[in-house]
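Notes follow the structure.
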Amino acid sequence: MSSREEAYHVTLDAIAKLQWNVAMILEAKATEAEKVRNWLCTHVTNDTFEAHSDQLSTCLHVHEQNVELIEGLTKLCNGLSRNMKAILNPDSDDGEEMASMFGGGGEDGARMR
């Protein structure tokens, strides 16, 4: 196996491990979101807050945190996807960029042998 193929293999292995960790994060966040939902349904009622705006701002704060987390994980997954596409489809523009990172270049340098 050439050093370039080994580098691609190591990179793909690292991407797979990152994706596994992202899946574990998502599973944990789903469990946490369910707990938060149950807490909100039980404790965030009309009787809990003096003004409706306070109740709404509390709910919006929780929602914003979830949206930020999802956006961050989406960006991470998109980056991983671009790297995988570059390795699995070296003829594309992304593949040439990835090949140059591993010391290859040009059309022949981007292809795995």
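Only the coordinates and a few stated rules stand behind these numbers; no lab work does. As the structure is a computational prediction, the values presented were derived from the model and not from experiment. All Cβ positions, even for glycine, are placed from backbone atoms using ideal geometry, and neighbour counts span all protein chains on display.
Mind checking which pairs have a first residue in segment 38-67 that is under 25 Å from L26 (Cα atoms) and a second that is polar (S, T, N, Q) and not in a helix (DSSP H, G or I), Cβ under 7 Å, 6 or more apart or different chains?
Listed pairs, sorted by first residue: none to list.
Would you be able to say whether some residue in segment 12-20 is small (G, A, S) and either assigned to a helix (DSSP H, G or I) or closer than 28 Å to N83 by Cβ (or both)?
Yes, there is a match, as at least one residue in segment 12-20 is small (G, A, S) and either assigned to a helix (DSSP H, G or I) or closer than 28 Å to N83 by Cβ (or both).
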